[in-house]
Each structure stands twice: as C-alpha cells, then as structure tokens.
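Just so it is clear, none of the values below were taken in a lab; they were calculated from the coordinates. Bear in mind that the values here come from a model prediction, so they are computed numbers and not experimental data. Here the Cβ is made from the backbone with ideal geometry for all residues, glycine too, and neighbour counts use every protein chain on show.
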Amino acid sequence: MKSESDTIIDIRGLSFSRGERPIFDGVDIRIPRGKVTAIMGPSGTGKTTLLKLIGGQLRPDRGDILLDDLNVPKLGRRELFEVRERMGMLFQSGALFTDMSVFENVAFPLRVHTELPEEMIRDIVLMKLQAVGLRGARDLMPSELSGGMARRVALARAISLDPDIVMYDEPFTGQDPIAMGVLVNLIRRLNQALGHTSIIVSHDIKETLGIADYIYILSDAKVIASGTPEELADVDSDKVRQFMQGLPDGPVPFHYKAPDYMQDLLGETS
Amino acid sequence: MRMRTVEIGVGAFMLAGIAALIVLALNVSGLNLSEQGGGYKVYARFENIGGLTPRAKVSMSGVQIGQVTNIRIDTRMLMAEVEMEIFDDVDYLTTDSSASILTAGLLGEQYIGIVPGADEEVLGEGDYIEDTQSALVLEELIGKFLFNKVGE
Amino acid sequence: MLNMLQRLGHRTLSRLAALGRASQILFQSLVARPQPLVMLPLVLKQIWFVGVLSLVIIVVSGGFIGMVLGLQGYTILVDYGSEQAVGQMVALSLVRELAPVVAALLFAGRAGSALTAEIGLMKATEQLASLEMIGVDPLRRIIAPRLWAGFVCMPLLAMIFAVVGIWGGSLVAVDWLGIYEGSFWANMQQSVSFYDDVVNGIIKAVCFGIVVTWIAVFQGYDCIPTSEGISQATTRTVVYSSLAVLGLDFVLTALMFGEL
C-alpha cells in the first residue's frame with residue numbers, strides 16, 4: 001500500500017458515459033508519484049478518454065480526479081490553465097502544429113505559459129530537442145519528418161515546461177522496431193532524469209511491461225486488475241490472462257455473435 | 001521571409017480593395033464629393049408628372065441646380081405637387097420662372113427644367129412656381145396628332 | 001410511415017442542435033478580451049490565405065462576367081435603340097447583385113471549403129486537442145482569426161469583382177462594339193447611386209461574408225474527424241453556404257430595393 005503523499009493523482013468513483021455506453025463505472029485509480037504507470041486494456045475501453053478526463057478536457061458524470069489537492073473537474077478556467085502547465089501530453093499521432101517549424105512547436109507551450117526572454121526560450125528548446133535527439137532538425141517542418149521523428153518532437157514539446165505529469169496516448173502503436181526502441185528508451189530515461197510521473201495508455205503488452213512500474217487493466221468500464229508487472233503475471237482471472245497472454249479466445253470472444261454454423265451453411269445460400 | 005511576403009500581399013490586397021471602393025464611388029456612381037451645401041425648398045404643381053421620381057435632377061440650361069425631394073398629391077387642387085430642393089447658391093430664379101418636366105434622351109429618365117423669367121423678385125424658401133408644363137404623355141400626343149390629321 | 005416521421009423529427013432536432021453549437025462557437029470565438037498583439041499576425045496570415053489567394057478566381061470570373069454582361073446587354077438593348085444604356089445595365093447588375101452574390105459563391109467554393117478541410121484535418125490529427133491540453137483555447141487561436149479574415153475579405157473581394165467586371169463590360173462595349181465612351185460612363189454615373197447601390201451591395205457582401213465564413217468554420221470544427229467526415233463537411237460547407245447566400249440575397253434585395 002502506498003501512503004497518501006506518494007500519490008500524485010487520485011481518481012475516486014469515476015463514472016463517465018458516452019451516450020448510452022458507460023465508459024467508466026465507479027473506477028478508482030491511484031497514480032504513484034514519480035513512477036511509470038500504465039493503463040491498459042482491450043481497444044475501446046476508453047483509455048484515451050481517461051487521459052482527457054485527467055487533463056480536464058472532459059468532465060466526468062460523477063467522481064473526483066484529485067491532482068494533489070485540486071479536484072480537476074471542478075476547476076475554473078484560470079485554475080485549469082495553471083494546472084495544464086504541470087501536464088504534458090503526447091498524442092497518438094504526435095499532433096504537431098503543421099504550420100510551425102519543429103523549433104516553434106517545442107517553443108509554443110513556453111510562449112503561452114511563460115514570459116521568458118527569447119534567448120532563454122531558445123536554450124530550453126534546444127535542450128529539449130537534444131534530449132530526444134533531434135536538435136539538428138529544429139528548422140524542419142512537421143511535414144518533412146518521419147512518423148517516429150514527429151513523435152519525438154511531440155515528446156520534446158510535451159516536456160518543454162518540465163511538467164510534473166507526462167501522459168502518453170498509445171505511444172507504441174504502429175511503430176517500427178527501431179522507433180519503438182528509441183521511444184521506450186526515451187520514456188524510461190526521461191522519467192528517471194526529470195523525475196516526473198509518467199502515465200502510459202497502451203495495449204502493447206511487451207513494451208509496456210518492460211518499462212511500467214505499476215499497471216492498471218481496464219475492461220467493461222471497470223478496473224479488473226492492478227499491480228506491478230510481476231504481481232499481474234500471477235493474477236487468477238480469465239480476462240486478465242487472456243489480455244496479458246494475448247490469447248485469441250476467452251472472455252473477449254473470437255466469434256462475433258452469429259447463428260449456429262451448420263444451420264447457417266445449410267440454410268440461406270445467398 | 002515568408003511572413004514578409006504575407007504582410008506585403010495582405011497590404012496590397014487591402015489597397016486594391018480600397019481602390020476598388022474609390023473607383024466605385026467616383027467613376028461608377030458619380031458621387032458628388034463637393035457638397036453644394038444646403039438648399040431651399042421650392043414647390044410646383046403639375047397636371048401629370050409622368051415618370052418623374054424623387055432624386056430626379058432639377059436643371060437650368062442643362063446645368064443641375066437642385067433635385068426633386070418629394071412628390072405628393074395636393075388634395076385641394078387635385079394636382080401633383082413636386083417639392084424641389086434648390087442649391088443655396090442658386091439665388092437668381094425669378095418668381096415668374098417656368099418649370100417643365102422633360103426627358104433626358106430617348107429612353108432616359110425625366111427631370112425638371114427651369115427657365116427663368118424677367119421679374120424683379122426671386123424665388124425663396126417655400127415659394128411656388130406658377131408656370132408649369134406637365135410631362136408629355138405619349139397617348140395624348142398621338143391623340144392630338146390624329147385629331148389634327150383628321151382636321152386637315 | 002412512422003419511421004419516416006421519426007427520421008424527420010430526428011433530423012430536425014439534430015439540425016437545431018447543430019445551429020445551437022454553431023452559434024455557441026461563433027459567440028465564444030468573437031466575444032472575448034481582445035489581444036491585438038497575438039491576434040493581429042494570425043488574422044493577417046488568414047487574410048492572405050482567404051483573401052489574397054482568392055484574388056485570381058475573383059478577378060478572372062469578374063472580368064468574364066462583366067464582358068458577358070456587356071455583350072448580352074448590348075444585344076438586348078440594341079433592339080430598342082437603347083444600346084447607350086449598356087453601361088448602366090452592366091454597372092447596376094454587378095454592383096447590386098452579381099458582385100456580392102457571385103463573389104460570395106466563389107468564395108464559398110474556394111476559401112470556404114479550404115477552411116473547412118483545414119480545420120477538420122486539425123481536428124482529426126488532434127492538433128485542436130493538443131492546443132487545449134497546452135491551455136490555449138482553439139476557438140480563440142484557430143477559429144477566431146479565420147472568422148475575422150473572412151468578414152474583412154468578402155466585401156473587398158466583392159468590390160474588386162465589381163470593378164473588374166465593369167472594366168470588362170467597358171472593354172466589350174466601348175472597345176469592341178463601338179459604344180461611345182463618354183455616354184457609357186455618363187449614363188452609368190447618372191443612374192448608379194453611391195448610397196443606394198454601391199453601399200447596399202457592400203452591405204450584402206458583408207452579410208454574405210459573415211454567413212459563409214461562419215458555416216465553413218463550423219463545419220470544420222464540428223466534423224467527424226475521419227477522412228470521410230472531412231469530405232462530407234467540405235461538401236456541406238459549399239452547399240449550405242451557396243444556398244444561404246442565395247436565400248439571404250433574396251431577403252436583402254427585397255429589403256433594400258423592394259420599395260424602389
């Protein structure tokens with residue numbers, strides 16, 4: 001059990017529905033400070049939605065999201081603006097601003113939140129780019145970057161304000177092995193070097209298990225398991241096991257609901 | 001470098017737009033920039049105003065000296081009463097001037113032509129022009145022509 | 001039967017909801033503390049994309065329409081012996097109707113669809129969400145400059161269209177068909193009134209600019225963030241803008257010129 005001051009984000013009783021479908025139903029999650037926490041689960045369980053709820057882009061139907069002492073859903077505009085200074089988010093597609101150069105993209109949060117002089121901004125941007133290994137690409141436009149490079153620039157932008165929390169939305173999806181390796185390495189190194197809390201949302205078992213300190217598994221609007229990677233390997237649950245081992249059939253069935261096979265073949269021919 | 005192109009382009013665009021506005025104002029619509037100051041109102045009654053409309057020109061010897069501001073029916077005399085605004089600097093219209101409704105060109109619009117008389121006094125605010133000539137109505141002309149022809 | 005009624009009701013309600021959302025973003029984008037230092041460069045850049053880059057199609061179309069007006073006008077009027085009036089015909093048609101309306105339609109097709117596609121793509125690539133997470137309101141930073149640029153550019157483009165059209169008409173009538181230059185311009189100046197015709201035309205163009213830009217920006221902001229969604233939104237921009245311009249034109253014409 002972790003003591004209170006070790007938890008940076010405390011989510012209690014979170015409920016959120018999109019139309020008819022419940023995405024979260026009374027979910028409790030504790031994100032430990034300074035560690036890499038992974039939120040995992042099958043596709044469509046609302047993992048990205050969770051990041052948006054933490055960041056205040058969406059409001060939950062019920063429940064609290066406590067960031068230290070602040071309840072995010074209840075914050076006013078000004079306070080939300082200040083809280084966002086402490087968060088950095090890496091979107092799935094990188095989401096670089098296409099009309100600005102790499103340098104301008106990374107400098108953007110600095111220009112919005114601070115009034116630092118140009119020389120300082122330049123130094124900070126170059127440092128962040130150096131950390132992700134793209135200092136030489138600073139004058140390129142996003143359209144000239146490869147997918148992997150774009151994500152690294154987006155990561156540099158996410159950490160440009162030295163946030164307390166960095167959120168990664170499916171960072172490993174669709175990457176070639178080298179880019180994947182680079183990203184995994186970066187996430188780990190930055191987490192250790194800068195001491196921030198990392199929250200990774202992913203469904204990529206191998207990579208995530210490699211760097212996560214603590215894992216939550218979501219399914220059907222609830223948390224079905226949580227723990228360190230070692231603890232989860234021993235969990236006695238069909239759902240968890242199917243997910244962790246990547247079994248094609250189990251609680252999440254292989255076959256889409258269909259009538260009896262023989263009857264279907266013998267019945268309608270068209 | 002790119003920002004400079006944008007700024008120059010936008011500046012040129014705005015200039016072109018304003019230039020277009022000026023062209024429209026002066027060359028296309030003949031906006032009269034030199035305000036002739038105010039004017040004084042003069043009235044005239046006609047049997048038939050034809051196609052005369054408000055804002056029509058009032059001119060003397062072909063030069064504009066005012067414009068028609070209002071047209072209404074004089075219920076006592078059962079005639080049309082035309083109100084004209086004559087420019088202040090036109091102060092030489094004698095009280096026996098005549099006003100006729102004329103047509104500019106073949107299909108042109110109608111205007112009021114004023115021919116000054118020989119009186120000592122001049123028209124002032126609110127005066128009436130007594131000597132008027134109504135607009136020519138085509139049917140009456142044809143009627144008159146045929147009548148004359150029959151008479152011959 | 002019941003199904004049809006239900007679908008009709010559903011569609012009406014969703015259109016109303018869309019109108020509500022559209023009004024909301026219009027209000028939220030425009031009504032805020034002005035920040036000229038930040039906004040001005042953004043607006044200038046948008047005026048470039050929305051206005052300056054539309055100049056080519058506006059000038060070419062204006063020129064051709066003016067020339068056709070001159071040609072057709074002459075052909076029709078010469079039967080009545082009134083070919084001298086071709087100048088005022090071209091000018092009045094352009095200034096009162098064709099310049100604001102056609103320029104607005106072209107604007108909707110070129111700039112409107114570009115705005116919708118751009119904003120839709122920003123939504124699909126999560127750039128708008130990124131802005132929000134960094135703490136910048138995308139309505140103020142992305143939408144508002146584009147709205148202001150559209151409002152400013154539309155009347156300018158309409159006036160340029162009118163002037164180029166009149167020049168085209170004069171080219172055909174005076175240089176080609178031999179109308180006397182003096183009477184071409186004199187007749188025009190006599191019958192085109194600045195306040196009643198030119199200013200009304202400009203007012204029309206301003207209204208059209210507001211409507212077209214608003215529709216374009218809303219469709220992009222509200223679209224389904226997939227490639228199919230963006231293409232649907234772009235189509236909707238062009239169709240709705242065009243219909244709105246034509247409908248609004250009738251209303252405005254009736255109001256402005258109805259009593260004349």
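So here's what we get for this one:
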item: Of A:Met180, A:Met120, A:Met149, the one that fluctuates the most in a GNM where chain A has Cα springs shorter than 10 Å; result: A:Met120
item: With Cα atoms, 0 to 90° folded angle of helix B:138-151 axis to chain B main axis; result: 30 degrees
item: Ranked C:Cys207, C:Cys153, C:Cys223, criterion: other C-beta atoms within 10 Å, fewest first; result: C:Cys207, C:Cys223, C:Cys153
item: Cα gyration tensor shape for segment A:107-173, rounded if a/c is under 1.5, else prolate or oblate; result: oblate
item: Max mean-square fluctuation residue, GNM over chain C, Cα-Cα springs under 10 Å, options C:Gly112, C:Gly62, C:Gly20; result: C:Gly20
item: Whether segment A:8-100 is rounded, prolate or oblate, judged on the alpha carbon gyration tensor where a/c under 1.5 counts as rounded; result: rounded
item: Pairs of Cα atoms farther than 20 Å apart, segment B:89-152, %; result: 47 percent
item: At least 30 Å along the helix axis (C-alpha) and Kyte average at least 0.5, DSSP helices within chain C; result: C:55-77, C:144-170, C:199-222, C:227-257
item: Helix A:147-158 axis, angle to chain A major axis (alpha carbon atoms, nearest 10°); result: 60 degrees
item: Assigned charges on the beta-carbon of Lys, Arg, Asp, Glu; the protein assembly as shown dipole about Cα centre (debye); result: 2940 debye
item: Sparsely packed GluC sites (Glu not before Pro) within segment A:110-163, loop by DSSP, other Cβ within 10 Å at most 11; result: A:Glu115
item: Residue of C:Arg21, C:Arg96, C:Arg110 that the Gaussian network model of chain C assigns the largest fluctuation, springs spanning Cα pairs under 10 Å; result: C:Arg21
item: For segment C:63-121, the fraction of alpha-carbon pairs in successive 10 Å shells from zero, as %; result: 22, 35, 21, 14, 7, 2
item: Where only alpha carbons of chain A are counted, the Rg and the Dmax (Å); result: 20.7, 77
item: P(r) tail fraction, segment C:195-260 - alpha-carbon pairs more than 19 Å apart, %; result: 42 percent
item: Segment A:174-270, dipole about Cα centre (Lys/Arg Cβ +1, Asp/Glu Cβ -1), debye to the nearest 20; result: 440 debye
item: Kirkwood hydrodynamic radius of segment C:1-75, Cα pairs, Å; result: 17.5 Å
item: Alpha-carbon Rg with Dmax, taken over the protein assembly as shown, Å; result: 37.0, 129
item: Evaluated at q = 0.18, 0.25 Å⁻¹: base-10 log I(q)/I(0), Debye formula over Cα of segment A:156-233; result: -0.80, -1.32
item: 5 Å binning of all Cα-Cα separations within segment C:1-160, expressed as whole percents from 0 upward; result: 1, 8, 12, 14, 14, 12, 10, 9, 7, 6, 4, 2, 1, 0, 0
item: Alpha carbon convex hull of segment A:111-263, projected area averaged over orientations, nm²; result: 13.3 nm²
item: Where the Cα pairs of chain B fall when distances are cut into 10 Å bins, in %; result: 10, 30, 24, 15, 9, 7, 4, 1, 0
item: Dipole in debye (nearest 20) - segment B:98-140, about Cα centre, beta carbon charges: Lys, Arg +1; Asp, Glu -1; result: 300 debye
item: Distance from segment C:169-207 to segment A:155-209 (C-alpha centre basis), Å; result: 66 Å
item: Unsatisfied cross-links (Cα-Cα over 31 Å) in the set A:Lys128/A:Lys239; A:Lys52/A:Lys206; B:Lys57/C:Lys204; result: A:Lys128/A:Lys239
item: Loop-exposed trypsin sites (Lys or Arg not before Pro) per DSSP, neighbour cap 15 Cβ within 10 angstrom, longest uninterrupted part of chain A; result: A:3-256
item: Leading residue at positive end of dipole, segment A:116-270 (Cβ point charges), from A:Asn191, A:Pro259, A:Ser202; result: A:Asn191
item: Sorted by Cβ density within 10 Å, fewest first, the residues C:Ile76, C:Ile143; result: C:Ile76, C:Ile143
item: Residue order, fewest to most surrounding Cβ atoms within 10 angstrom, among C:Trp48, C:Trp167; result: C:Trp167, C:Trp48
item: Positive-end extreme of charge dipole, segment A:67-152 - chosen from A:Gln92, A:Leu80, A:Ala131 (charges on Cβ); result: A:Gln92
